[in-house]
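Written below as structure tokens is the structure these notes are about.
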Amino acid sequence: MPQIGWYGLGSMGLAMASNLQRHLAMKKALGLMYSNRTMARGSPLQALGAIAEPNFEKVVSQCGIIFTMVSNDSVLQSLLSTAMSSSQSLKDKIFVDCSTVHPETVRSAVSQLKSKDASYVAAPVFGGNPIAVDGKLVFAIGGPKSATEAVKPLIQDVMGRRVIDCGEDATKSSLLKIAGNIVTVNMMEAVGEAQVFAEKTGLGTGPMEELIGEAFGPVAGGYSKRLTTGAYAPPLDSRPGFGVSLAIKDARHAMSMAQEQGVELPGLEIARANMEAAREYGGECLDSSAMYGTLRQKAGLEFWNDKSRRE
Ligand SMILES: NC(=O)c1ccc[n+]([C@@H]2O[C@H](COP(=O)([O-])OP(=O)(O)OC[C@H]3O[C@@H](n4cnc5c(N)ncnc54)[C@H](OP(=O)(O)O)[C@@H]3O)[C@@H](O)[C@H]2O)c1
């Protein structure tokens, strides 16, 4: 097995990389070589035996398979530019990106890397931080067969419970991820609306949450808990589970593609506007479920609830 590299230790990346490092240690393979903008976030990973390397170019030069898990398209593009401009050969290296990015970003990455005889695998994920911690994410994988086959054993039952194979066209996995997030964001909006309704009518958020979890499943139940525990607006010194700007990015990707194809996404448009209003009011340190705060305000309640931060 070649040395494996990792860039990106955010809410998802740290949990995923930790599971991968545990797997590599169990297999007595070389430790995961990791990098991140904020290197200090890697301390728990280093404690598991992973190797810190602040210079991404060095990670690329020393590893055969390089995973990235970063916030958005421009961060991924800048990492790829660093790799592409390196004087080292990229021949036969496999770049695996797990972030949620636009299919056009994927298309460009595929062709850039192909010109250097390297492969790009798109492997975006479904599931939030607790599911990443449990190693139970769902991956949508796409790319050249030889590359995806090399990567799957590092994913299945290591970081993920299921790998959906989208074939050789990596843009298809990214498309699936963006399409899936239409459901995610709409569901968060629906749960937020129901919980504001329950509070204002005197029904109460407790019975509503019990029903949501029972009747609509653990994912919807988890979204409700983000509201009732105040996680939609976490303390300012913490990192949200799924940052509001990341969900706005996903909604914009879906809306731009929908527009090109003449598809209307009215529910998503409402949720995006409510998330943007929430960010305007509460700043960046908000979860994607923070449209709830906007919905509360529209109903004459405070943006904050009794469990969230208060300003
Ligand atoms: N959170 C979820 O529930 C979830 C679920 C599925 C998919 N996703 C997708 O997965 C990706 C990662 O999500 P996340 O929640 O882990 O995000 P996150 O917590 O915000 O972490 C983002 C990562 O990108 C790095 N980064 C941000 N800006 C950078 C820059 N300008 N230069 C270099 N590095 C930069 C961060 O470095 P620092 O540590 O230095 O800030 C961190 O490693 C996103 O594309 C998101 O849409 C998230």
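The values are calculated or read from the model by the stated rules, or taken from the named source; none is laboratory data. The shown structure was predicted, so the numbers you read here are calculated from the model rather than taken from an experiment. No Cβ is skipped: glycine too gets one built from the backbone with ideal geometry, and neighbour counts run over all protein chains shown.
Return yes or no: is Val121 in a strand (DSSP E or B) and among the β-branched types (Val, Ile, Thr)?
yes
So in the stretch 232-244, with the set limited to residues that are crowded, with 16+ Cβ neighbours inside 10 Å and within 10 Å of the ligand (Cβ to nearest atom), which one is farthest from Glu280 (Cα to Cα)?
Gly241
Going by the conditions given, is Glu53 within 16 Å of the ligand (Cβ to nearest atom), in contact with a strand residue (DSSP E or B) (Cβ under 7 Å, 6 or more places away or on another chain), acidic (Asp, Glu) and more than 22 Å from Lys177 (Cβ to Cβ)?
Yes; evaluated as a whole, the condition is true for this residue.
Quick check on this structure: which one of Ala278, Ala194 is under 23 Å from Met12 (Cα atoms) and aliphatic (A, V, I, L, M)?
Being under 23 Å from Met12 (Cα atoms) and aliphatic (A, V, I, L, M) holds for just one of Ala278, Ala194, which is Ala278.
Filter the stretch 92-111 for residues that are within 14 Å of the ligand (Cβ to nearest atom) and either touching a Cys at 6+ places or on another chain (Cβ under 6 Å) or acidic (Asp, Glu) (or both) and give the result.
Across the stretch 92-111, the qualifying residue is only Asp97.
Taking the stretch 60-105 as the search range and keeping residues that are among the small types (Gly, Ala, Ser) and in a helix (DSSP H, G or I), which one is farthest from Asn36 (Cα to Cα)?
Ser85
Return the only residue of Arg41, Arg37 being more than 22 Å from Phe139 (Cα to Cα), assigned to a loop (DSSP other than H, G, I, E, B) and within 16 Å of the ligand (Cβ to nearest atom).
Step by step, each of Arg41, Arg37 is checked, and only Arg37 is more than 22 Å from Phe139 (Cα to Cα), assigned to a loop (DSSP other than H, G, I, E, B) and within 16 Å of the ligand (Cβ to nearest atom).
Of the residues that sit in the stretch 126-162 and are closer than 19 Å to Asn72 by Cβ and out of contact with any Lys or Arg (no Cβ under 8 Å at 6 or more places or on another chain), which one is farthest from the ligand (Cβ to nearest atom)?
The extreme case among them is Ala132.
Can you name the helices (runs of 4 or more DSSP H) wholly within the stretch 214-311 that have at least 1 residues being in contact with a strand residue (DSSP E or B) (Cβ under 7 Å, 6 or more places away or on another chain) and touching a residue at least 12 places away in the same chain (Cβ under 8 Å)?
So the answer is 218-228, 244-261.
Scan the stretch 139-157 for residues that are buried (at least 19 other Cβ atoms within 10 Å of the Cβ) and either outside any helix (DSSP H, G or I) or assigned by the TED database to the domain that holds Gly180 (or both) and jot them down.
If the condition is that a residue be buried (at least 19 other Cβ atoms within 10 Å of the Cβ) and either outside any helix (DSSP H, G or I) or assigned by the TED database to the domain that holds Gly180 (or both), then Phe139, Ala140, Ile141, Gly142, Gly143 are the ones that fit.
Being out of contact with any His (no Cβ under 9 Å at 6 or more places or on another chain) and within 30 Å of Cys98 (Cβ to Cβ) is the requirement here; does Val185 meet it?
yes
Let me spell it out: the conditions are (1) more than 17 Å from the chain's Cα centre (by Cα); (2) more than 22 Å from Ala278 (Cα to Cα); (3) part of a helix (DSSP H, G or I), and Leu203 meets all of them except one. Which number is the exception?
Here Leu203 meets the rest and fails (3).
Considering the stretch 60-91 alone, what residues qualify as being more than 13 Å from the ligand (Cβ to nearest atom) and within 24 Å of Val125 (Cα to Cα)?
Result: Val60, Cys63, Gly64, Ile65, Ile66, Ala83.
From the list Ala198, Ala247, Ala251, which one is more than 21 Å from Ser74 (Cα to Cα) and either assigned by the TED database to the domain that holds Ala132 or not basic (Lys, Arg) (or both)?
Ala198
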